[in-house]
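The values are calculated or read from the model by the stated rules, or taken from the named source; none is laboratory data. This structure is a prediction, so every number in the text was calculated from the model and none was measured. Note that each Cβ is placed from the backbone with ideal geometry, even for glycine, and that neighbours are counted across all protein chains shown.
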Amino acid sequence: MDSTITRRTERLADALRRLARREARGHIAKLLARLRPGDVAFLFRSFTVAESRYIFSILSADFPEAAGEVLTDLDAAQRMSLLEHLQPEEIGHILQQASVDDAVSIVDSLPEEQREPVLALVDLHRDLDEVQTQLAYEDDTAGRIMDPEFFALPESTTVHEATETIRRQDDIGMILYLYVVNDEGQLIGVTSLRQLLLASPETSLGELAQRDLIQVHTSTDQEEVAELAARYDLLAIPVTDEDRRLVGIVTVDDIVDVVTDEATEDFYKMVGTSDDELLYESRSARVAGIRLPWLLVNLVGLLVTGYLLERYQSQFDKALYLLFFVPVIMGMGGNSGAQTSTITVRGLATGRIMVVRGRIWKYLFQQAKVGLVIGLALGAVVFLIAMVKESDPTYAAVVAFALLFAVTLAALSGAVIPILFQRLGVDPAVASGPLVTTSSDILGILVYFALAGLMFKYLIP
């Protein structure tokens, strides 16, 4: 961040902190009135919990519309800290002033015990009918995140009439595209403001509109919406219902939020936890409960590894020095699998890797080759180390080949498991953390012990 901006931010934060300590409500309100909601949300990062709650109470009372925007810009833990100390009526007041998509986002971020009273309040308020309608859509769908405020005109409208209508709009900055609908409100096309200005005034929008447009259904997954926006460089995507009526748009700011949220969710899943941690980061028992399931899976994998060590103990008594390389086999296999699974999960999420039979086999073969090359390089290094340690080429070859196979198999499993999960309808990010590491550990040890067993059986008299 630019140093000038940083210094300005620090001065504003210091000023608000001093005013909060003095409980100078009027001065805080005046200062907040001059700030953008995004700037206020950024300042909240440097406040204590008590300072945040006091300043937000002033913001929600005096500037409820800005309070809604600030809430959506805060991270999950800060948002929850503020909301859980508000009464449902206070939250309802903020929802009434916020845009519909922001209001839905706020309700979705509420913890379960607080959400029901607020939803009951939403049901009672006629002003919140649109919020109630949008909450009826499934989570993480286009209908849930769309903005129901959009600019659309009938196809019979002329360019001159459309231009005059646009001039009368209060918020022209939100007109990203001009959507064209028929008499039933069905979406038939789209045009840009640039095309509108260059067209003849008597031309109808039906003639001018581009009819081959990208659109999504209210039930379309939000991740797919983000992929479409990225693929076609769109600032907004229209959302239609079952009857192809235009009911909303997903704008670029919502798309950025989706991309950020999905990436954050994937990263959490990849280490065996959940983005619910963001909500409950101050509650140690709750966070431990979120992390524990996958750690138990990992524990089972390690117990299996321990059983294998015990099972082959008698053979290793003949060459105890081979135990020295057990952590090497496990660690390098796990790391290789984790690298491949991370690349695979990200490729599946961005659409770079397509689950098509021919392409998938090509991708799996490519990852196996990469694992083989890495395994050869690491195996050669370990062979030299083993020779220096024991001066026995047979033992050194067993360790080197075991590492070669372990790394190759781990790379292959790191690609196969996420793809298999996606084919089964499970988020592939779940597969890329403890599951891949555990399976790579077990595969590596099995290969190592199998090669060692062959060595003892056929190579050592």
* To do: Can you tell me which residue within the range 411-461, out of those that are aromatic (Phe, Trp, Tyr) and modelled with pLDDT of 75 or more, is farthest from the chain's Cα centre (by Cα)?
  => 449
* Elements of type strands (runs of 3 or more DSSP E) contained in the range 173-266, each with 1 or more residues being in contact (Cβ under 8 Å) with a residue 60 or more places away in the chain -> 178-181, 236-240, 246-251
* Looking at (1) under 26 Å from residue 137 (Cβ atoms); (2) in a helix (DSSP H, G or I), find the lone condition where residue 15 falls short. => (1)
* Identity of the residue in the range 336-361, over 27 Å from residue 258 (Cα atoms) and surrounded by fewer than 17 Cβ atoms within 10 Å (Cβ to Cβ), that ends up modelled with the highest pLDDT -> 361
* Asked: In the range 386-399, how many are surrounded by fewer than 16 Cβ atoms within 10 Å (Cβ to Cβ), more than 16 Å from residue 451 (Cβ to Cβ) and not hydroxyl-bearing (Ser, Thr, Tyr)?
  -> 2
* Structure fact -> Here the residues within the range 11-46 that are over 18 Å from residue 66 (Cα atoms) and either crowded, with 18+ Cβ neighbours inside 10 Å or basic (Lys, Arg) (or both) are 11, 17, 18, 19, 20, 21, 22
* Asked: So which of 209, 230 is crowded, with 18+ Cβ neighbours inside 10 Å and of a type in the set (Gly, Ala, Ser)?
  -> 209
* Asked: With respect to residue 379, is the statement that it is at pLDDT below 80 and more than 15 Å from residue 305 (Cβ to Cβ) true?
  -> no
* helices (runs of 4 or more DSSP H) lying entirely in the range 23-126 (those with 1 or more residues that are under 27 Å from residue 255 (Cα atoms)) -> 37-43, 49-62, 64-73, 76-83, 88-97, 100-109, 112-124
* **Long-range neighbours under 8 Å by Cβ, at least six apart or interchain, first residue surrounded by 13 or more Cβ atoms within 10 Å (Cβ to Cβ) within the range 101-122, second not in a helix (DSSP H, G or I)** => 101/146; 101/147; 101/148; 106/98; 108/139; 109/279; 114/84; 118/110
